[in-house]
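Here is the structure we will look at, set down as structure tokens.
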Amino acid sequence: MQINSPSYLTGIERSGIGKDGVFCGDYVSLVRNSTSRLVGDMTRSALGVHVSSQLTAESLNHGKLTKGQLSEWLYTAFYLLDRCCLPLMGLAAKQTTQIEQLKSEKIRDQEKIIQLQNQLIEKKEEEIKVVKDTVVSELKSYSSVVQESCSAALAPQKIVSAVKQVNQDVDRSRNVIVFGVDEDQNEKPEEKITAILDKLDEKPQISGCVRIGQLKPGRVRPLKFRVRNQDTVYQILRKATILRNLEDCRKVFISPDRTIEERVSRRKLVDQLREKRVADPNNNYVIRKGEIVCVEKT
């Protein structure tokens, strides 16, 4: 059989595959195409062969093939093997060696990293131990001081006194004190307090209406009463300034039920307020939230 086919190596020879020891995807495609044409022609020329995997020397040993055709196939196979496959395999082997070297270097780098991490962990553990020992030492010192302080601070008498003080503060927060209300011998305090609250348009539920302090000639004792909650106290105190504009209540003054310490502090604050108003009569000074502030005149 005569195979009329162009040279299998035309494209490969023009590309110079293998001469520079460099192979790329295009080179591989050229070699694959040349090999495919070669094997295809040999398969079609062999006796009793339908696929390339069935090719043998015997299947190609028959009189229909010419020496020229066999020489062409032999040269092509030699060229592909010597100029393409062997250099490519050598390059692959070299790259495999380089890859193994890179792997070894990577392993060594990882070992160094692990070593440094272990050193860092050891350093951190040492620092933590120092801090821990310091904290334990300080806590022991603090604990001894606290125990000594608590043994005195938590004495039964002091606990009872503290609880009593808290209860008094809670009870006092619902009390209201009214100053400047005339005192009569047979008076009914509740009626006088109700009358004043009516002027403020307030009608809360009140209890415990009494005069407080010792009865002395020429001295009007203040009235004290209790409401249900602190919000009501705040509402009454907020409206108390209305009494200043009423002819029969100009001397009446309403305040919260303060402790002795709070009354002393309030008295000092009121004295400061008077001095402020005398020194600067053009501005309007009032007491708000325990401080003297200047507000616009209304």
inquiry  = Condition first: closer than 18 Å to residue 173 by Cβ and either of a type in the set (Ser, Thr, Tyr) or surrounded by fewer than 16 Cβ atoms within 10 Å (Cβ to Cβ) (or both). Can you find one or more residues in the range 269-282 that meet it?
reply    = no
field: Any chance residue 3 is surrounded by 13 or more Cβ atoms within 10 Å (Cβ to Cβ), at pLDDT below 75 and touching a Cys at 6+ places or on another chain (Cβ under 9 Å)
entry: no
Over the range 82-112, the set of residues of a type in the set (A, V, I, L, M, F, W, C) and either touching a Phe, Trp or Tyr at 6+ places or on another chain (Cβ under 8 Å) or surrounded by 12 or more Cβ atoms within 10 Å (Cβ to Cβ) (or both) is 84, 85, 86, 88, 91
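Table: residues versus (1) at positive phi; (2) polar (S, T, N, Q); (3) assigned to a loop (DSSP other than H, G, I, E, B).
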{"site": "244", "(1), (2), (3)": "no, no, no"}
{"site": "248", "(1), (2), (3)": "no, no, no"}
{"site": "251", "(1), (2), (3)": "no, no, yes"}
{"site": "265", "(1), (2), (3)": "no, yes, no"}
Sole miss for residue 257 among (1) modelled with pLDDT of 90 or more; (2) surrounded by 12 or more Cβ atoms within 10 Å (Cβ to Cβ) is condition (1)
Residue pairs within 8 Å by beta carbon, gap of at least six or interchain, first lying in the range 274-285 and within 14 Å of residue 296 (Cα to Cα), second part of a helix (DSSP H, G or I) and open to solvent by 90 Å² or more (accessible area, probe 1.4 Å), listed first then second, are 285/276; 285/277
Conditions (1) open to solvent by 70 Å² or more (accessible area, probe 1.4 Å); (2) assigned to a helix (DSSP H, G or I) -> residue 72 fails only (1)
(Q) I'd like to know if the range 229-238 contains one or more residues that are surrounded by 11 or more Cβ atoms within 10 Å (Cβ to Cβ), under 15 Å from residue 181 (Cβ atoms) and out of contact with any Leu (no Cβ under 6 Å at 6 or more places or on another chain). (A) yes
Log entry, pairs with first residue in the range 238-249 being touching a residue at least 24 places away in the same chain (Cβ under 8 Å), second being in a helix (DSSP H, G or I) and open to solvent by 50 Å² or more (accessible area, probe 1.4 Å), beta carbons closer than 8 Å, six or more apart or on different chains, reads 242/199; 243/199; 246/199; 249/199
Restricting the range 224-274 to residues that are among the polar types (S, T, N, Q) and closer than 22 Å to residue 284 by Cβ, the one farthest from the chain's Cα centre (by Cα) turns out to be 245
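The values are calculated or read from the model by the stated rules, or taken from the named source; none is laboratory data. Bear in mind that the values here come from a model prediction, so they are computed numbers and not experimental data. Don't worry about glycine lacking a Cβ; one is built from the backbone with ideal geometry, like all the others, and counts go over all protein chains shown. In case anyone asks, the SASA skips ligands and DNA or RNA and just uses the protein heavy atoms, side chains included. Shrake-Rupley method; radii C 1.70, N 1.55, O 1.52, S 1.80 Å.
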